[in-house]
Amino acid sequence: APRSKEELFQVLREADMLLLPVDFHQEAIDFIRLSLPTKLPAYLLSGTPILVYGPQQVGQVRYAQEEGWGLVLSQRDPKALEKAMQQLLHDQELRLRVSQAARQTARTRHDAAKVRAGFQDALRKAAHS
């Protein structure tokens with residue numbers, strides 16, 4: 001198991017594909033509907049293609065589909081999951097497109113300095129209104 005952030009990032013970069021699964025049960029959907037996993041920025045920055053497997057009602061699944069940073073499979077279907085995994089492993093154009101979109105999303109929407117500055121700006125505006 002990775003012992004540091006650097007080791008974890010190396011493991012993510014060396015993987016053939018990363019899986020971001022989401023539970024399809026309604027209780028889980030209700031619980032995580034607007035949550036994003038803390039590992040998401042590392043996944044996005046890794047450059048490794050991401051397969052997102054979960055229901056459309058969950059924010060991270062919609063986010064992946066809207067931004068194109070992952071190949072999304074939103075129906076619970078083991079055979080379709082296997083097909084999507086094979087596609088993401090072997091379609092080089094798809095791998096490149098998903099990886100580039102993931103890195104771009106990380107740079108524009110998950111950079112700590114930008115997020116912090118945007119949050120501070122929003123607080124200033126709220127305080128002045």
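Listed values, structure above:
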quantity: Computed [θ] at 222 nm, deg cm²/dmol, the chain (DSSP H ≥ 4; -39,500 (n - 2.57); rounded to nearest 500); calculated: -19500 deg cm²/dmol
quantity: Electrostatic dipole magnitude of the chain [Cβ: Lys, Arg +1; Asp, Glu -1; Cα centre; debye, to 20]; calculated: 500
quantity: From the coordinates shown, P(r) over Cα pairs in 10 Å bins from 0, in percent corresponds to which of (1) 12, 37, 34, 13, 4, 0; (2) 12, 44, 34, 9, 0; (3) 11, 33, 30, 21, 5; calculated: (1)
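Values quoted throughout were computed directly from the atomic coordinates according to the rules given, and no laboratory measurement underlies them. From a predicted model like this one, the values you see are computed outputs, not experimental measurements. With ideal geometry, Cβ positions are generated from the backbone for all residues, glycine too; neighbour counts draw on all protein chains shown.
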